[in-house]
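Here the structure comes first, spelled out in structure tokens, and everything after it is commentary.
All of the numbers you see were taken from the coordinates with simple rules; none came from a lab. Given the structure is predicted, the values throughout are model-derived calculations rather than measurements. Ideal geometry is used to build each Cβ from the backbone, glycine not excepted, and the neighbour counts take in all protein chains shown.
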Amino acid sequence: VMAGDRVGSPSLGDPNAWSRRAAARPNFPNAARMATDIPLQGTGLGTYAVVSPYYKTSDATSNTAGSALFQWWVEAGYAGLVLLLLAGIWCLWRIPGATRRVESGDRTLAFMLMGAGVCFGGFSVMHWSVELLAVALAGCAVAGTINRWLAGGTDLFVESFA
């Protein structure tokens with residue numbers, strides 16, 4: 001434990017180490033304050049970096065909320081959260097029928113695709129995934145494949161006609 005604490009702690013000789021560590025922490029409290037100030041329609045898509053300096057509580061500033069969900073909430077407001085909720089309900093409503101249409105041999109692939117979507121969704125809630133280009137691209141590919149499958153795309157898996 002002592003070795004891990006020593007390796008994980010900033011160097012005492014580096015005067016900027018603590019401020020870099022504070023800047024790496026997510027901005028959840030600031031984002032929640034921004035979202036509650038303009039609750040209905042939000043600040044507008046793509047405006048988080050413009051609005052966040054007015055709400056920052058430390059010298060370190062970030063141009064993202066640290067969470068895709070919080071940033072969506074700030075930028076799109078409750079209207080955006082309702083749209084996100086409706087999209088989630090649509091996906092949950094379509095999964096049983098889409099799973100039944102897939103042959104039993106490919107059903108494992110369908111469940112792996114759903115698991116990957118859940119993992120990327122969970123990661124986006126906890127971290128702003130656009131900062132990591134590889135994660136963002138992989139997440140978009142998985143989300144697009146899930147959307148195509150749930151919308152009735154027929155060329156992803158072998159479908160049963162029984």
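Kindly state, to the nearest 0.05, the FRET efficiency for Ala87 paired with Asp59, given R0 = 35 Å and r defined as their beta-carbon distance.
Details: r = 38 Å, r/R0 = 1.07.
After rounding, the FRET efficiency stands at 0.40.
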Length gained when the stretch Ala79-Glu103 is fully extended (0.36 nm per residue, less Cα-Cα span): 4.8 nm
Between Thr145 and Cys119, what is the label-point separation in nm under the 7 Å Cα-to-beta-carbon projection? 1.1
For an R0 of 30 angstrom, estimate the FRET efficiency from the Cβ-Cβ distance between Ala136 and Arg33 and round to the nearest 0.05. 0.70
